[in-house]
1. Work out the mean other chain Cβ neighbour count within 10 Å for the residues of A:22-32 and drop it here as an integer.
2. By how many degrees, 0 to 90 and rounded to 10, does the Cα axis of helix B:73-84 deviate from the longest principal axis of chain B?
3. In nm, one decimal, shortest first: how far is the label point of residue A:85 (7 Å from Cα along Cα to beta carbon) from the matching points in the other copies?
4. With the cut-off at 1.5 for a/c, could you classify the stretch A:1-72 from its C-alpha gyration tensor as rounded, prolate or oblate?
5. Other chains' Cβ within 10 Å of A:162-175 residues: what's the mean?
6. Take every residue in peptide A:148-160, count the Cβ atoms of other chains within 10 Å of its Cβ, and give the average of those counts.
7. Can you list the copy-to-copy distances for residue B:137, using a point 7 angstrom from Cα toward Cβ, in nanometres, shortest first?
8. Which residue fluctuates most in the GNM of chain B (Cα springs below 10 Å): B:45, B:103, B:30?
2 protein chains.
Amino acid sequence: MSLRHAILVLLQDQEASGYDLAREFANSIGLVWNATHQQIYLELGKLNEQHMVSFRHVPQEGKPDKKLYSITEDGRQELIRWLKKPAGPARIRDAFMVKVAGGQLADSGALLGELEQLSKQRRERLATFEALAQRLDEQGREENLYSYLTVRRGILDQRAWLQWAEEVRQALEHASVGLPTS
Amino acid sequence: MSLRHAILVLLQDQEASGYDLAREFANSIGLVWNATHQQIYLELGKLNEQHMVSFRHVPQEGKPDKKLYSITEDGRQELIRWLKKPAGPARIRDAFMVKVAGGQLADSGALLGELEQLSKQRRERLATFEALAQRLDEQGREENLYSYLTVRRGILDQRAWLQWAEEVRQALEHASVGLPTS
DNA sequence: GCTTCCATGTAATATGTTACATGATTAA
DNA sequence: TTAATCATGTAACATATTACATGGAAGC
C-alpha cells in the first residue's frame, strides 16, 4: 500500500486539500499512480489519525470550506523509511491494450476510432508535460531535479505510446482494405 | 472489471491451465494487465459457472493433474460485446516512480542501485520481446497482426523506460558529486 | 537438505470503485 | 437550465493481495 506514500510525497512540496490532491492524481502524477477522491479522503483521514499529516480549516467565501493538509515530522520519517525499502513491481491495467490483443474479434473501424481518441488525449498530455518541463528547466533544473525527472518520464511515455499508436493505425488501415471489417 | 476479458483473450488462441495463464500474466501480457494465480483461479471458477469457459481434466505423471480451460461460444460472445464498448482509462501503480518524485528525501546511491536493477530487468524483457517480434514477423506478420502489435507495444515501452533510466542515472550521478548522499 | 517448478486451491484482510449525498457559484 | 467547478464525505460492493495449505519431482 503506497497511496499514502504518494500523498506524502505530494505534501512535501506544499500543503494541499483532498480536492487538490485528487486533481494532481488526475493530471501529472496520474501517470505514475492514480487514486480517486474517495480513496484520498479516506487515506488523509487515516494519515491524520496516525499523526503523519495535520490540517487546518480554511473558510472560503462562495466556495465550501476546505482542509489544508501538511506533512508532519512523523510523516516525513515514514516516507524516509519507505524510500529505503525496494519498491514493489509496477502494476498496470490497460484495457485498451487487452482489446488490441484480442483484436481479431473486434471491429477494426471501432478500434481505430478509439485509438484516435486516445491519441488525442495523449498528445494533449504530452503538450502539458513539455510545457511543464520547460518551465522547470527555466527555473533551474537542479533545484527541481526530481520533479523534472518525473515529468521527463511522462514525456517519454507519451511519445512511446503515440509512436506505437501510429504503427497500429497503419497496420489496421492496411488490414481493413483487404479484409472487410466485421 | 476486465481480468475476465484478458483471460478470454488469452484463451482465444489456445486452451490453458490456470497455471499457464499465470505464467503469461507474469510475462508477455503482464505489461498490459497483471494478475496473480489466486485471482486467476477464482475468475476461472466464475467464468466456468457462467459457461464462458469449459475445462477438461488432464492427468499427468510425475506432475499434479491439471485443468485445461477453453473459451466457449458464450465466452466469445461476451468478449465481442466487451470489445464494442469503450475501454476504461489505463491505470498504473509504479512505486519506483513515486520514489523518484520524492527523491529529495531519498539516498541517491540507493536510488541508483535500484534503478540499475530495474534497468537490467527491462533490458531482459526487451530482448525477449524483440526475439518474439522477430519470430512473429518471420511467421507472417499479417496472420499474427494483433499479437505482433501487442509485442511492439512492449518493445517501445521498454525502450522508453530505458531511455528515461539513462537520463535519471546521469542526473543523479551528477547531483551526487557535489552534494554528498544521505 | 534446500530450492524451484508444477498445479491447485481457501480464507482473511486490504484496497479500490461506484453510487449516493449535499450545496453554493459560475459559465454556456 | 444545464452543466461544471469547488469541496467534502458515507455506504455498499467488487477486486486484489497476503498468508496459508498440499505434495511429488528435479536439480544443486
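Values in this text are rule-based calculations from the coordinates and carry no lab data. All values reported here derive from a predicted model rather than from experimental measurement. Virtual Cβ from ideal backbone geometry, glycine too; neighbours counted across all protein chains shown.
1. Numbers: counts 0, 0, 0, 0, 1, 0, 1, 3, 4, 4, 10.
For this peptide, the per-residue mean of nearby foreign Cβ atoms is 2.
2. 40 degrees
3. Distances to the matching label points in the other copies: 3.8 nm.
4. Working: a/c = 1.77, a/b = 1.23, b/c = 1.44.
Oblate is the answer for the stretch A:1-72, as a/c is 1.5 or above yet b/c matches or exceeds a/b.
5. Numbers: counts 1, 5, 9, 2, 0, 5, 6, 0, 0, 7, 3, 0, 2, 3.
Per residue, the average neighbour count from other chains is 3.
6. Working: counts 2, 9, 8, 1, 6, 11, 2, 2, 8, 6, 1, 3, 10.
For peptide A:148-160, the averaged partner shielding equals 5.
7. 3.2
8. Answer for the Gaussian network model of chain B: B:103.
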